[in-house]
Amino acid sequence: MFDSPPFWMYFAGFLLLLGPLVTLHELGHLLVGRWFGVKAEAFSVGFGKEIAGFTDKRGTRWKLSVLPLGGYVQFAGDMNPASVPDHHAPPQDGNFQNAALWKRALIVAAGPVTNLLVAIAIFAAFFAIYGKPTIEGSEDSRTIGGFSQTSVARAAGLEVGDTILAIDGAPISDFEHLRRSVMLNPDKTITLTVDRGGERLDYPLTIARRTETDQFGNASAIGQIGVAPAGGRYVLEEVGLLRSVPLAARQSWDLMGMMLTGIKQIVTGERSVKELGGPIKIAKYSGEQMSLGVLAFVNFAALISLNLAFINFLPIPALDGGHLMFYAAEAVRRKPLGPQATEWAYRTGIALVLMFMVVVTVNDVVSLPIFAR
């Protein structure tokens, strides 16, 4: 039996998580747009019918809408909240479509960049306050100190004292690098290059798949080869504020790389599409993390903020990355894409987003306890 938070915590966690992150994302667009003199007609937290709102002195309608699954800024010259260009809008000052190409690109990029900066700020604060987890000891952490009982590395011929140098020719910097590389690739056949007494040896093996279940019953598949580092122990190394920022940026970069790997594996069939989650899973996880305390919840917020940045940078029309893709084409062609091509591209992008939402919503629903066997 798994401990579950009270229902209200799922609801509160979802609102406290996505509300601020979406608002910050859209504020990034709005503030950079205002900086460049582009008028915002509407700023909405949520979609659909307006629940409450007001109009500021610049003519922007700030509103809270009924569906708390995102938000948008609608600039002058946009046909709709998806920022589809209105080619019939008259050219005028403050119109988004009349802004210089580089300005439009920066306005669009500002949203996901804001989410990225939020994640980096949170990770940097954790590093500065609590330190960086690191292995302390004179031994190279890539050196094998022991094996698990079901180690595929030992079965492949590796020995205690071997130092793992590379996976498929890609150098390994430390044990944490090794762990991350293996964890993402269950069932994948790889070649480990090791140093044994000054001799370089190659050992092919297939990474074992292990299903881990947390205290709330959430299962995840990870890869393992069953090795432990020789000597040393994990400690929290003190980190100054200046050093914490590049460390946080590197951690964010590594996590986004893991997200990209996950998407590739789903596309190629190496991972099940059932691993994707949507609003219901976000609400579930946010409530669970809130029940673990403020630090766990804030760390989860950083991960979701990073996910928002990653997803919005994908080159899909109707997402920020799709707009940037159009602007790149415009820069190469030295003129915008035609209205018909733009319309069909946006229709396709919106259809893809809607299909994705249907898939993740179905995944969410069938993962609920009432459907468990």
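Quick rundown of the values:
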quantity: Search result, residues across segment 51-66 that are part of a strand (DSSP E or B) and basic (Lys, Arg); calculated: Arg61, Lys63
quantity: Search result, residues across segment 28-50 that are touching a residue at least 60 places away in the same chain (Cβ under 8 Å), of a type in the set (A, V, I, L, M, F, W, C) and in a helix (DSSP H, G or I); calculated: Leu31, Val32
quantity: Filter result (out of contact with any helix residue (DSSP H, G or I) (no Cβ under 6 Å at 6 or more places or on another chain) and either among the small types (Gly, Ala, Ser) or assigned by TED's automatic domain parsing to the domain that holds Val182 (or both)) within segment 248-269; calculated: Gly257, Gly262, Gly269
quantity: Residues located in segment 149-190, provided they are in contact (Cβ under 8 Å) with a residue 60 or more places away in the chain, more than 15 Å from Thr261 (Cβ to Cβ) and surrounded by 15 or more Cβ atoms within 10 Å (Cβ to Cβ); calculated: Ser151, Val152, Ala153, Arg154, Leu158, Ile164
quantity: Within segment 148-222, strands (runs of 3 or more DSSP E) holding 2 or more residues that are under 23 Å from Pro133 (Cβ atoms); calculated: 163-167, 208-213
quantity: Test: Ser220 is in contact with a strand residue (DSSP E or B) (Cβ under 6 Å, 6 or more places away or on another chain), among the hydroxyl-bearing types (Ser, Thr, Tyr) and under 30 Å from Gly269 (Cα atoms); calculated: yes
quantity: Selected residue (only one of Leu18, Leu69 is assigned to a strand (DSSP E or B) and within 22 Å of the chain's Cα centre (by Cα)); calculated: Leu69
quantity: Residue match in segment 88-97 (condition: at pLDDT below 70, part of a loop (DSSP other than H, G, I, E, B) and touching a Ser or Thr at 6+ places or on another chain (Cβ under 9 Å)); calculated: no
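The values are calculated or read from the model by the stated rules, or taken from the named source; none is laboratory data. A quick note: this is a predicted structure, and the numbers were derived from the prediction, not measured. Cβ coordinates were reconstructed from backbone atoms using ideal geometry, including for glycine residues, and neighbour counts include every protein chain displayed.
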